[in-house]
1. Looking at (1) open to solvent by 20 Å² or more (accessible area, probe 1.4 Å); (2) out of contact with any Gly (no Cβ under 7 Å at 6 or more places or on another chain); (3) at pLDDT 95 or above, find the lone condition where A:GLU134 falls short.
2. Any chance you could count how many residues in region C:32-62 are more than 8 Å from chain B (Cβ to nearest Cβ) and open to solvent by less than 40 Å² (accessible area, probe 1.4 Å)?
3. Restricting to region C:111-163, count the residues that are open to solvent by 30 Å² or more (accessible area, probe 1.4 Å), under 18 Å from C:LEU188 (Cα atoms) and of a type in the set (S, T, N, Q).
4. Restricting to region C:82-96, name every residue that is more than 7 Å from chain B (Cβ to nearest Cβ) and either open to solvent by 40 Å² or more (accessible area, probe 1.4 Å) or without any contact (Cβ under 8 Å) to a residue 40 or more places away in the chain (or both).
5. Of these, B:VAL140, B:VAL222, B:VAL192, which one is open to solvent by less than 20 Å² (accessible area, probe 1.4 Å), over 19 Å from C:LEU277 (Cα atoms) and β-branched (Val, Ile, Thr)?
6. May I ask you to list pairs of residues, at least six apart or on different chains, whose Cβ atoms are under 6 Å apart, with the first in region C:448-464 being outside any loop (DSSP other than H, G, I, E, B) and the second being of a type in the set (Asp, Glu)?
7. Residues that are crowded, with 21+ Cβ neighbours inside 10 Å: list the strands (runs of 3 or more DSSP E) wholly contained in region B:44-135 that include at least 3 such residues.
8. Before we move on, is C:ALA428 among the hydrophobic types (A, V, I, L, M, F, W, C) and more than 29 Å from A:GLY145 (Cα to Cα)?
Amino acid sequence: MTTPKPQVGLFVTCLVDFFRPTVGFSAVKLLEDAGCEVSVPAAQTCCGQPAYNSGDRAGARALAEQVIALFETFDHVVVPSGSCAGMIKVHYPDLFSGEPGWRLRAERLAAKTHELTSFLVDVLGVAPLPVSWEGTATYHDSCSGLRELGVKAQPRRLLSAVDGLAIKEMRDPEACCGFGGTFCVKYDEISNAIVDRKTADIKSTGVDLLLSGDLGCLLNMAGKLKREGSRVEVRHVAEVLAGMATGPAIGEKTK
Amino acid sequence: MMSSRDAILGRIRRSLGTSEKDAPRLAAVRHRLAETPVNVVPARGQLPDAERVELFIRKAGEVFATVARLGSRDDIPAAVSEYLRDRNLPQAIRRGADARLANLPWEREAQLAVTVGPSAGQDLAGLSHADAGVAETGTVVLTSGADNPTTLNFLPDHHIVVVDTSTVTGDYETVWAGLRRRFGAGTMPRTVNLVTGPSRSADIEETLLLGAHGPRSLHILVVG
Amino acid sequence: MSGGLSSASFPKNAHAALANPPLLKAIAHIEETLVSGRRRAVDALPEFEALRDAGRDIKAHTLAHLDLYLEAFEKKVVEAGGFVHWAADAAEASRIVLDICQAAGARRVTKGKSMITEEVGLNAFLEANGITPVETDLGEYIIQLRGETPSHIIAPAVHVNKEQVAADFRRVHTKLDPLRNLEEPTSLLAEARGVLRERFLTADVGITGANFLVAETGSTVIVTNEGNGDLTQILPKTHIVLASIEKVVPTLEDVATIMRLLARSATGQEMSVYTTLSTGPRRAGDPDGPEAFHVVLLDNGRSAMLGTEFEDMLRCIRCGACINHCPVYRSVGGHAYGSVYPGPMGSVLTPSLQGLEKAAHLANASTLCGRCESVCPMRIPLPKMLRHWREKEFERHLTPKKARFGLAAWRFLAARPRLYGAVTRMAAWSLARLAGKDGALKQLPLASGWTRWRDLPAPEGGTFRTEWAKRGRK
């Protein structure tokens, strides 16, 4: 008798949807390789984080309701982003305080929502199919994934199985990259000073590739590295793990 | 007009949604103040006697205190004299009237001028007797009193402190218990100084410098 | 605020700070000193996390019984022969201190480092009333000479370099040899020590803050490294302690627990050099110590924070760890905030003290990266409270119109999946076309805040959901 496949709803996130579908497909491949049945509800848009972090609770709440209704039927909800997963897992229940019905639904969803690498390692406990990537890489710990969800060892563990890839840590991989959602345009000059320190740290490692688990941070760091004329490639960790790091990297010229 | 005292306490009670007659709260406070429960105490200092003293000496060294071990109290005058000689300081020391320092064979150091009483800022070296040493961080504990001027702990450039090995504790909590035994629960001497190394500052470009306003050096004589 | 800075002009202040290389160089020292020092000290103490829990619990318990512990503290101070004064706000605190100074016939006052006296603006008030306050902490002394305010709560002169200190000393210490060498920090320290020694010995009143007030014993506790706080409080005839009400803890055991967190979090020391417990004035027979001992308890908005979402902020022990680890502070320094308390703790506390209108927007000057909370010894949920201020700002329509409009537009779109799909599809396609083979955009109208500093990586082309649907997937 075979156990039924876990039904996974992929919350692809608005940034991946818009900027980098490759990350979404990489996540699907990793999940399917691990034996999951993956669905992507078509009506998904935004998790509400920009509103939540801007003080607009009502706006965030409205979008949270939408996400809960769309995803609550799955066994698991997987998100290729620490900050969007953190929004659902840590902050959704808080949005419905004083409303027992919604609060319960939010808590149930929170309990089965996972950041992608954490889901693969902590929940499924599987090793991805063997892939290779020749070169050296450094890993940036995105703030929400790291501090809200404890994502730190999981991506490194998965990457350690990639053939030919050597990880070289930055001096301070846990330092914020300065993205901060709307912060990066509201306080663009300060955001720039922060990402400037980050890219200096990345470049001092001398690696070929920068990886992380959050597209917001990746766009920020890739944009800065490119402006600085750096040749460091920037990719979402899922692309490498899924063996899909073949097209142009983030912000890279098409060949 | 309501006094600020009553206004502040009233606001606190309103914010907390309580009154001053709330019995469970009163009991909780009474209990805590009477029982003085111990919180988390680091394992680091919980050692047998000899090792605890070793830890104390190592920790004091880490914070730039210098330490000399003496076999007996009677060795203190010679150790003081030697310290001053080694640093090319005049043979002069000021101390409190504390019997633990008074009843020593000072006459053996004929060159050493010993004065007694608080410092007015003219002394290069001062001598105090600690009530305790704390192994956890290499801290010495000094209490003020008629025979133990606090000025001696801060005004001289060089502060020499005697610590008896039998008073070296693993942690601060043991020191508090000792103070309660000696002075009574809830009662303290005017000043209790916990001193961990010589005075320092890092206020200029975060550069660590010793000897800011207090003693430039702290020398600990561990006796026993 | 002095120096013409105010919280309202944070972006302008930040811009000026970013164009000030000596300042940026000075704050860069924080990394290799305070941040790495904390790391080493925390790693060397296996119980550190358990101590953080204990510290949080002590403060939570104390705050829930704050009125009773303050009364207990007051009783013990009086028993020991001291006086307790209660100040509802900054003006009252200053007035009380002045009255004590005047009653003592004081002209010269020495001060230990105290953020509370900065909060109430004590120095300016005393000066206006003919009393000369002398800051004795080296960092505070330096900024007093410069007419500045602290840019950091534990390293007040962190923004100043040694050349600037030398210039200030030459300008002020005019009786000293003008040809003296002041190149090295050691000579600067020696000079300050010499000048201030005389001030200590001639002061009429000494004013300090307190790191703790101990309800069990009526003791006030200061934690310092230089020894200036002690010289301030033992030499003059009168010692005044100005402390805010949340500094009270129940017992000496509680002091020990928080002490283990404080220095490690602040400077990476296991213990500060001087931890001093003062209880009442000098006793009969004591050869030294102050003859009068006053404690001024300041509320200044704190009692109103109890029972609100900002209550946890009252656990703060002013170690500065959140400041040292804040990427925003590390980019612009403390003066840019224009508030007495900078960094994450300042951005949470300032609106409570100054009012939402003046300072709520400080809460926006954060990436919410959460590093502050991860290093806070008292486990204060700083990002959560910064978000609370953003909510209050939004509720009261203090959020800028442009931002409100953007949020409303986004919400409108995101709540309409079909429309959202069409709009994002068009936009992604257009941007990808605009970027062409470059893969990134150097400039983009409406996104100049981004493209002024960095390229904007171009979308791959089709959105994920379109591509997914093309493959016939659900």
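The values are calculated or read from the model by the stated rules, or taken from the named source; none is laboratory data. All values reported here derive from a predicted model rather than from experimental measurement. We place every Cβ from the backbone using ideal geometry, glycine too, and count neighbours over all the protein chains shown. In case anyone asks, the SASA skips ligands and DNA or RNA and just uses the protein heavy atoms, side chains included. Shrake-Rupley method; radii C 1.70, N 1.55, O 1.52, S 1.80 Å.
1. Here A:GLU134 meets the rest and fails (2).
2. So the answer is 11.
3. Residues in region C:111-163 being open to solvent by 30 Å² or more (accessible area, probe 1.4 Å), under 18 Å from C:LEU188 (Cα atoms) and of a type in the set (S, T, N, Q): 2 in total.
4. Going residue by residue through region C:82-96, those that are more than 7 Å from chain B (Cβ to nearest Cβ) are C:82-85, C:89-91, C:93-96.
Within region C:82-96, C:PHE83, C:HIS85, C:ASP89, C:ALA91, C:SER94, C:ARG95 qualify.
5. Details: B:VAL140 fails: over 19 Å from C:LEU277 (Cα atoms); B:VAL192 fails: over 19 Å from C:LEU277 (Cα atoms).
Result of the check over B:VAL140, B:VAL222, B:VAL192: B:VAL222.
6. C:GLY449/A:ASP188; C:PHE464/A:ASP17
7. Numbers: elements: B:66-70, B:92-95, B:113-116, B:125-129, B:132-134.
Those strands (runs of 3 or more DSSP E) span B:92-95, B:125-129, B:132-134.
8. Working: among the hydrophobic types (A, V, I, L, M, F, W, C): yes; more than 29 Å from A:GLY145 (Cα to Cα): no.
Against the criterion (among the hydrophobic types (A, V, I, L, M, F, W, C) and more than 29 Å from A:GLY145 (Cα to Cα)), C:ALA428 does not qualify.
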